[in-house]
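See below for the structure under consideration.
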Amino acid sequence: MNKIFLYLIIFLLPFEVFSQSITGDWFGILTSENNKLRIIIHITQSDSGYKASMDSPDQGVKGIPVSTVQYQTSQLTIEMAAIGAKYIGKIMNDTLLKGTFVQGNFSIPLKLSKKEIVLNRPQEPIPPYPYKTIDVTFPNKEAGITLAGTLTLPATKGKHPAAILVSGSGPQNRNEEIMGHKPFLVIADYLTRNGIAVLRFDDRGVGKSEGNFSTATEKDFSTDVEAAYNYLKQYKNIDRDKIGIIGHSAGGWCAFMLAGRNKEIKYVVSLAGMAVQGDSLMLKQAESIYKSNGMPDSIWQTLAPKLRKRYTLLKQNKKPEILRKELYLNITESFFTKDLNNNQLKKQIKTEIQTMTSPWYLHMMKYDPVQDLKKITCAVLALNGEKDIQVDADINLSSIQTTMQNNGNSNVTIKKYPSLNHLFQHCKTGKISEYADIEETISPEVLHDIVQWIKVTIVSHKK
């Protein structure tokens, strides 16, 4: 009897190993010398086998497709052809994977667990809120789409001043989630607690909003903001004469476009708003990012002319196939022929060219916000962080102030904050890699300044 029992144990052991479940959500942190990125891999099982997708929350990317999932003898292999990466891990138990994340020439150890990684974000509000929160939808009739968002209303009676929040570049949800932060949730909460209603909404094609993000330009997005404005004008608890736009980064372009053509807009708050032409902005951004990562000035001086040539190409109205060929030559002129046979490099170059020839990017290269700034007659508050390496504070603040004042608009306030980055966090270097590690979502001083400026300049202003 004991001998039979032993045989049964030996026979059943392999089935216990193979019965370990790999389905569900797996959480981990990719750690390199200069960066930490949270990774979430979602695995499901159907009759046809396993399927998966990957999120990179700190980069604001969700739903990266997984091309193949292989699970055999306690080893899991996941390949993501779209980004030229794969993960090879060993199943330690139902809740732990140990393995390696490989992308190109980089191999990084990566543990995955079914325990969600919760970041400390002390500024994020916790319900119940001392104000009304309403899910809303509104049409953009020009685009033929419906947009979805959240309206927060102060608890006090009467009509309230209002702000519409406009996100930066890339597909963003109503909270402008980036690097584990929700800046628009924090801004909306602070403003509404201080008597200002706030409408924030999902970009077209994101969340619950209709439309196609990939085919839209900043001009298209400005019509979405105008649709939000038209919706708020009709809302019974909103003072239609005190509605303004708060735009972050590329969202500043939307605010400038709309305020330039719609004289009913009462105010604009530019949070690191882009105020120079796209090619100039990108060249300065590239210089700041490269140098923040240790690139010597001598090397930058060699690279800069190639980037200028690239941006000049992007500003020309050429047929797509011709533009793609010329961009390829520009990108690859410094590579050895043998390197260009590398499949991973080929994929990276192809992806870069696809990005640069997208409708948004091509429009961005040619768009000069100065032409809209000249038309703005409403009050403007422009804020930037001194350590912002994405939107240079000095160049962009100077453009806003000089352009508008030369056009006769003296109701312009600018402010540059020491030690703040592109997200208006207190930081050490301003590097993008710092964003996720910083617990602060946005400087309390910036929140305070926005509210006080709106109250003094807009709310207290006599009609």
Just one of (1) in a loop (DSSP other than H, G, I, E, B); (2) of a type in the set (A, V, I, L, M, F, W, C); (3) not assigned by TED's automatic domain parsing to the domain that holds G273 trips up I376, so point out which. (3)
Among (1) under 16 Å from the mean Cα position of the chain (by Cα); (2) surrounded by 21 or more Cβ atoms within 10 Å (Cβ to Cβ), I243 falls short only on (1)
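Going by the structure shown, is Q371 surrounded by fewer than 16 Cβ atoms within 10 Å (Cβ to Cβ) and either outside any loop (DSSP other than H, G, I, E, B) or in contact (Cβ under 8 Å) with a residue 24 or more places away in the chain (or both)? Let's see the steps before the verdict.
Values: surrounded by fewer than 16 Cβ atoms within 10 Å (Cβ to Cβ): yes; either outside any loop (DSSP other than H, G, I, E, B) or in contact (Cβ under 8 Å) with a residue 24 or more places away in the chain (or both): yes.
Spelling it out, Q371 is indeed surrounded by fewer than 16 Cβ atoms within 10 Å (Cβ to Cβ) and either outside any loop (DSSP other than H, G, I, E, B) or in contact (Cβ under 8 Å) with a residue 24 or more places away in the chain (or both).
Any idea which residue in segment 425-443 is farthest from R38 (Cα to Cα), counting only those that are assigned to a helix (DSSP H, G or I) and in contact (Cβ under 8 Å) with a residue 60 or more places away in the chain?
Going residue by residue through segment 425-443, those that are assigned to a helix (DSSP H, G or I) are 432-434.
Filter once more, keeping what is in contact (Cβ under 8 Å) with a residue 60 or more places away in the chain: 432-433.
Numbers: I432: 14, S433: 12 Å.
Here the answer is I432.
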In this structure, does E439 turn out to be over 13 Å from V380 (Cβ atoms) and in contact with a Cys (Cβ under 9 Å, 6 or more places away or on another chain)? no
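In segment 224-273, what count of residues is obtained for those that are in a helix (DSSP H, G or I) and among the polar types (S, T, N, Q)?
Residues flagged as in a helix (DSSP H, G or I) and among the polar types (S, T, N, Q) within segment 224-273 amount to 1.
Do we find a residue being among the basic types (K, R), in contact with a helix residue (DSSP H, G or I) (Cβ under 7 Å, 6 or more places away or on another chain) and touching a residue at least 40 places away in the same chain (Cβ under 8 Å) anywhere in segment 258-279? Talk me through it step by step, then tell me what you get.
Narrowing segment 258-279 to residues among the basic types (K, R): 261, 263, 266.
Pick out the ones that are also in contact with a helix residue (DSSP H, G or I) (Cβ under 7 Å, 6 or more places away or on another chain) and you get 266.
So of that shortlist, the ones also touching a residue at least 40 places away in the same chain (Cβ under 8 Å) come out as 266.
The answer is yes, given that some residue of segment 258-279 is among the basic types (K, R), in contact with a helix residue (DSSP H, G or I) (Cβ under 7 Å, 6 or more places away or on another chain) and touching a residue at least 40 places away in the same chain (Cβ under 8 Å).
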Strands (runs of 3 or more DSSP E) fully within segment 20-88 counting 1 or more residues that are more than 18 Å from S107 (Cα to Cα): 24-31, 36-46, 49-56, 61-65, 68-72
When residues of segment 175-208 are filtered for being crowded, with 20+ Cβ neighbours inside 10 Å, in contact (Cβ under 8 Å) with a residue 60 or more places away in the chain and in a loop (DSSP other than H, G, I, E, B), how many remain? 6
With criteria (1) assigned to a loop (DSSP other than H, G, I, E, B); (2) on the phi < 0 side of the Ramachandran plot, G408 comes up short on (2)
Tell me, yes or no, whether segment 440-461 has at least one residue that is crowded, with 16+ Cβ neighbours inside 10 Å, touching a Phe, Trp or Tyr at 6+ places or on another chain (Cβ under 9 Å) and on the phi > 0 side of the Ramachandran plot. no
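Looking at G168, is it over 17 Å from Y267 (Cα atoms), in contact with a His (Cβ under 8 Å, 6 or more places away or on another chain) and not in a helix (DSSP H, G or I)? Spell out how you get there, then give the answer.
Values: over 17 Å from Y267 (Cα atoms): yes; in contact with a His (Cβ under 8 Å, 6 or more places away or on another chain): yes; not in a helix (DSSP H, G or I): yes.
It is true that G168 is over 17 Å from Y267 (Cα atoms), in contact with a His (Cβ under 8 Å, 6 or more places away or on another chain) and not in a helix (DSSP H, G or I).
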Filter segment 209-222 down to the residues that are under 15 Å from G144 (Cα atoms) and not in a helix (DSSP H, G or I) and list them by number. S209, E210, G211, N212, F213, T215, A216
Residues that are free of Cβ contacts under 8 Å to residues at least 60 places away in the same chain, crowded, with 22+ Cβ neighbours inside 10 Å and under 20 Å from F184 (Cβ atoms), drawn from segment 375-424: L420, N421
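The values are calculated or read from the model by the stated rules, or taken from the named source; none is laboratory data. Just so we're clear, the structure is a prediction, and the values are computed from it rather than from any experiment. Positions of Cβ are generated from backbone atoms using ideal geometry, with glycine treated the same way; all protein chains shown enter the neighbour counts.
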